[in-house]
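The next block holds one structure in the form of structure tokens; read it before the comments.
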Amino acid sequence: MPSIEDTLAVHALIAEYSHIIDGREWDELPRLFTNDGIFDASSVGYPPVEGMAALRKHMETADHPITHMVTNIVLKDIDADTMTAACLVLTPTAEGLMAPGDYRDIIVRTNDGWRFKKRVVLPRYHGDAIPRRPTPE
């Protein structure tokens, strides 16, 4: 089980992601991802991207919802410097509905604090099973 300090730091990272993406603060992406970080939104039609330059280009050009609301965060230690996170994300649609989905993350400790090594976006549709956590590669 992650320490209280690590748990709070990773919860802060997950919250910061929403604020940075919703604020379109692309210069702040290094506060979220490792330099070789992977963002995989292939389940919603975008190719996976790897590395800071590709992450930034994707984030600048993707069709983002107005806001990301993240809840139900569950963390699991892999080792002292790696953990997985599973969380529910809710995004409002233009029609005023809520689109639910899941993030499945691999998060690593760096010299600058915790960062996403890999973030996978998984939408939920009626009848879908809840996605499993990713495993480090």
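Only one entry of THR93, THR84, THR71, THR67 meets the criterion of being free of Cβ contacts under 8 Å to residues at least 24 places away in the same chain and not aliphatic (A, V, I, L, M), and that entry is THR71. Each residue in region 27-38 was checked for being surrounded by 14 or more Cβ atoms within 10 Å (Cβ to Cβ) and either touching a helix residue (DSSP H, G or I) at 6+ places or on another chain (Cβ under 8 Å) or among the charged types (D, E, K, R) (or both), and 7 pass. Screening ASP63 with (1) touching a helix residue (DSSP H, G or I) at 6+ places or on another chain (Cβ under 8 Å); (2) assigned to a loop (DSSP other than H, G, I, E, B); (3) of a type in the set (Asp, Glu) gives one miss only, at (1). For region 1-32, give me the residue count where each residue is part of a helix (DSSP H, G or I), free of Cβ contacts under 8 Å to residues at least 12 places away in the same chain and of a type outside the set (Asp, Glu). Residues that pass the stated criteria total 4.
Cβ-Cβ contacts under 7 Å between residues 6 or more apart (or on different chains), taken from a first residue in region 39-51 that is under 13 Å from ALA62 (Cβ atoms) and free of Cβ contacts under 8 Å to residues at least 60 places away in the same chain to a second residue that is of a type in the set (Asp, Glu) and surrounded by 14 or more Cβ atoms within 10 Å (Cβ to Cβ), are listed as PRO48/ASP40.
Laboratory data are not the source of any read-out in this text; all were calculated from the coordinates shown. Everything numeric here is computed off the predicted structure, so don't read it as measured data. FYI the Cβ positions are ideal-geometry reconstructions off the backbone, even for glycines, and counts take in every protein chain you see.
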